[in-house]
Every structure is written in C-alpha cells, then in structure tokens.
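Right, one structure below, let's go through it.
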C-alpha cells in the first residue's frame, strides 16, 4: 500500500531578520503542511511572532527564501500574503467598533458597485456553517464579547480565501468553554485541508490541539517533534535549553491576617456605566487571592480602586488593616496619600508602559520612580535604584544591553520582568498584579509564580489577576470570580475545577455558593 505524503503548504528556508544589531531570526528553516496544526513555541524574544510576521507580509526577510505551494514568493505586504492564501489573526484585534461583523469582514476589499449586505451575509453564513462558527453578520463589534470579535477576525481571513492561517496567542482571554469551541473550529479547518500555525505559551493547549510542535530558541530553529511523541516537560527543556521544573508549589501559611477588606465597592466609568457593582471580599496576608473573569469584567477597575486610581461610588469602602491591627480607609486617597499613610502597597498594572513604567527612561530611573521622595535636599539618591536595577536584571534574567537602556527598547516580556521585580523589591504588605505573566515564556512565568508564593509565605496579601485558569487553580488559595462587574462567587483553589470557574465567569452564581 502506498501512502501519499501530506502536501507542503509553506517552506521557510534559511530565513534571517535583523533589527539593527539584533538578530531576531537566524537562518530559520520551517515547514508547514496542509491539513495540520503546527504549534510554534519559544521563550520571549525567541523570534516566533517576527517569523510569522514575515509570512504575513508585515516584515520582509533580510535573507533566505519563502516557498508557498511549491513556488518561491516575495511577500512584501499583507495584501501579498492574502493573494497567496495566507491570513494572520493577531493577538490585538484590528476591528472597527462601530461597524457590523459583515462590514469589518469586507473592509478594504475592492467591491464593485454598492455594498451588497445580503450577499456578504450569505457568504459569511456559508463559512460559519462549514467550520462551526457562531456569528451574526449584522451585530456591531462594540456589542461583541472577546470570543465573538476573534471569530470575526478568523472569518475575515477565510472570506478573503485564506487556506494558511496563523493565530497569535488566540486563547489569551478566552474562557475554557470558548477555547474548546475555537479548537473544534480549528480541527474542522484542518479536516478541510487548511494549514494552521498557533503561537501560544500554554503547553496543555499545545498538547491538546496541535499535530506537530516547532521550537525556536534565541532566534534559531531548534527542531520540531510530533505532539504524540513529546510532553510539556520535554518541550520546555527544548525551549530553554536545559531542564526546568514545571511545578507550582502552593504551601499553606502558618497564619492568615486580614489585610484588605472591600465592602460594597461600586465603580462607574466616565459614561456612568457600572464597571463594578456591590463587590465585597477580604484579602488575607498569607494567601494568594486569584481574580478570574472574562476580559473587561471589572478586574482593572478593582485593582485600580484599591490602589487609589479609581473613584468609587458613595457607600463603597476599602479598608487596609496594618500589621498593628489599625484600620485605614483607602477610598478617596491617591497613591501618594496611601504611601504617606505607611501602607506598603505594590501594584503591577496591566498597562506596563502606560501606567507601570516610563518607556523613555532607563532601568535605573524607573526604579527611582518608587524611591525619589526619600532623597535628601534637591538630589535623589541614585545608588539604591542602580543597585536594585542590577539585582532585577540578574535575578529575573532581564535581556538588556545595560541598565542604562531605555525600557521601551526592551521586549514586552523583559519590560514585565523589570516591573514585577521593582514592585516586589518594595517589601509590600499587599502585592497586586494584573496579568503578571502575560506574554512571558514558560520559564520566566514559573519564576514569577514562585516569587508570588515567596511573598505569600512572608505574610503578604497577594491579589493575582490571571487569564490562565490552569495556573489560577494551581497557584491560588482562593479564587474570586467576576461576571459583568459582580462577584459570581469565591471558591477554594484546591477544591474546584476549571469548568466550574468557566461557568461562573459567564453567569452569576448563587451567592450562597461562596466559600
């Protein structure tokens, strides 16, 4: 019996891309076959997204060649990529909020005559029925969930005839149920002969959905392996280059102390819409309290209200209980007021460069932002921040030419290391983090998890907003679930399931179910 080899969709041969003196990809050879899902793995800065951006026409290689369907091609723009049947679904969606799904799907296409909405809707329905999408062509983007917006992005590239799809971190903000739906769609596309690449840091998803895994390390191609012939530990060792422990310890602290008590917290946005409604909970010193919820469920407003960056409605209270047992009302006070009260509160915000760090400053000056008020006279003490910058670089393995480098010139993962390292170094009694490991590779992520646990065991109250439910269930002692700005429930991290939390994220539970 003769078996026909699966046809090759894409070959990248000795592809090299430089940005100044930095070599993002060095002589990379990669093959993608039709009817397969290929996972692309690598640490931060390994060149995964850069490599795929060359396939999508966003960057052009400095050296090497790209072969699509057996022909040498030059992909100089996203239009060239579309013409070759290549479409990329980026992590940050590129949709117009006030347009409908159908209008976004055809946006930029050269259509003759008047826009035929009926014909568009018919074609969108054909695509949806074929692959299992659930989409309303007439729904406005601003009324959509994150999952629905992602569906529009995928249908948009399919509408343009793409049969080679690249998905960059597609499950970053999806619930487990939404992730399962996406994977079902991806398998349907694979069965139809399409070639798919998924860039993700979530190894359990790699094992679940992919047929083959390709690994990059420091811009170079390390190799590929069939998913059935590997496991998360082997893949991590390939990415990092040495053995890595993939265990999250969750020891119990000897003593729990009430540190933050939130009562009836309600926060409105500038349009008067409730982002948080009647939220109440207690964060204990000696535990990690996880916050779970679909993106936009009020996580940002919750942490910012505690940090003094959001104005809350009348009747809300946020009480801080200091080590001596005295209570301090935090509402109505800005971050400087809170610091002057002697409250040791550290905050790693979601917006790294907009709120956490100053991009045009170097590492030392960004450390100085937390201590300049302790200087004497007209001069700030620069010795301590410089020492701290060097410590953070060494301990978290920040990749930077020097501590004099502007933070904006670092990769996203290294920016996050600088921010997390600085906040933990402040010796807080309350440590809050929003998506502390977003965009970080597996090795660095586990370093951050261990740092959080170390803080917990020192008696710090750690509030951890995360999007990976597997991690929340391994790391956190309790998990508060938000749904539409309200508390859907608080569960024990040791005795609950990912599916239960996923349901709580999408529908409010009985208040009596709280632990």
Looking only at the stretch 189-204, which residues are touching a strand residue (DSSP E or B) at 6+ places or on another chain (Cβ under 7 Å), part of a loop (DSSP other than H, G, I, E, B) and crowded, with 21+ Cβ neighbours inside 10 Å? 194
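Just to be sure before I move on: is residue 235 buried (at least 20 other Cβ atoms within 10 Å of the Cβ), more than 18 Å from residue 46 (Cβ to Cβ), touching a residue at least 24 places away in the same chain (Cβ under 8 Å) and under 22 Å from the mean Cα position of the chain (by Cα) in the structure I sent? Working first, answer last.
On the way: buried (at least 20 other Cβ atoms within 10 Å of the Cβ): yes; more than 18 Å from residue 46 (Cβ to Cβ): no; touching a residue at least 24 places away in the same chain (Cβ under 8 Å): yes; under 22 Å from the mean Cα position of the chain (by Cα): yes.
For residue 235, the condition - buried (at least 20 other Cβ atoms within 10 Å of the Cβ), more than 18 Å from residue 46 (Cβ to Cβ), touching a residue at least 24 places away in the same chain (Cβ under 8 Å) and under 22 Å from the mean Cα position of the chain (by Cα) - is not met.
So that you can scan it fast, the table gives a plain yes or no per residue for (1) on the phi > 0 side of the Ramachandran plot; (2) over 28 Å from the mean Cα position of the chain (by Cα); (3) assigned by TED's automatic domain parsing to the domain that holds residue 199; (4) in a helix (DSSP H, G or I):
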{"residue": "81", "(1), (2), (3), (4)": "no, no, yes, yes"}
{"residue": "92", "(1), (2), (3), (4)": "no, no, yes, no"}
{"residue": "102", "(1), (2), (3), (4)": "no, no, yes, yes"}
{"residue": "108", "(1), (2), (3), (4)": "yes, yes, yes, no"}
{"residue": "115", "(1), (2), (3), (4)": "no, yes, yes, no"}
{"residue": "119", "(1), (2), (3), (4)": "no, yes, yes, yes"}
Hey, any hits in the stretch 427-446 for a residue that's under 29 Å from residue 382 (Cβ atoms) and surrounded by fewer than 20 Cβ atoms within 10 Å (Cβ to Cβ)? yes
Go through 421, 412 for me and flag whichever is under 23 Å from residue 201 (Cβ atoms), out of contact with any strand residue (DSSP E or B) (no Cβ under 8 Å at 6 or more places or on another chain), surrounded by 21 or more Cβ atoms within 10 Å (Cβ to Cβ) and not assigned by TED's automatic domain parsing to the domain that holds residue 281. 421
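This table checks each residue for (1) closer than 30 Å to residue 249 by Cβ; (2) over 25 Å from the mean Cα position of the chain (by Cα); (3) outside the structural domain of residue 179 (by TED's automatic domain parsing).
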| site | (1), (2), (3) |
| --- | --- |
| 288 | yes, no, yes |
| 292 | yes, no, yes |
| 303 | yes, no, yes |
| 307 | yes, no, yes |
| 313 | no, yes, yes |
| 317 | no, yes, yes |
| 320 | yes, yes, yes |
| 332 | no, yes, yes |
Can you find even one residue in the stretch 497-508 that is assigned by TED's automatic domain parsing to the domain that holds residue 264, modelled with pLDDT under 90, closer than 17 Å to residue 203 by Cβ and not in a strand (DSSP E or B)? yes
Residues (closer than 19 Å to residue 25 by Cβ and either surrounded by 12 or more Cβ atoms within 10 Å (Cβ to Cβ) or at pLDDT below 90 (or both)) located in the stretch 213-232: 213, 214, 215, 216, 217, 218, 219, 220, 221, 222, 224
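The values are calculated or read from the model by the stated rules, or taken from the named source; none is laboratory data. The structure presented is a predicted model; accordingly, all values stated were derived computationally and were not measured. Cβ: placed from backbone, ideal geometry, glycine included. Neighbour counts: every protein chain shown.
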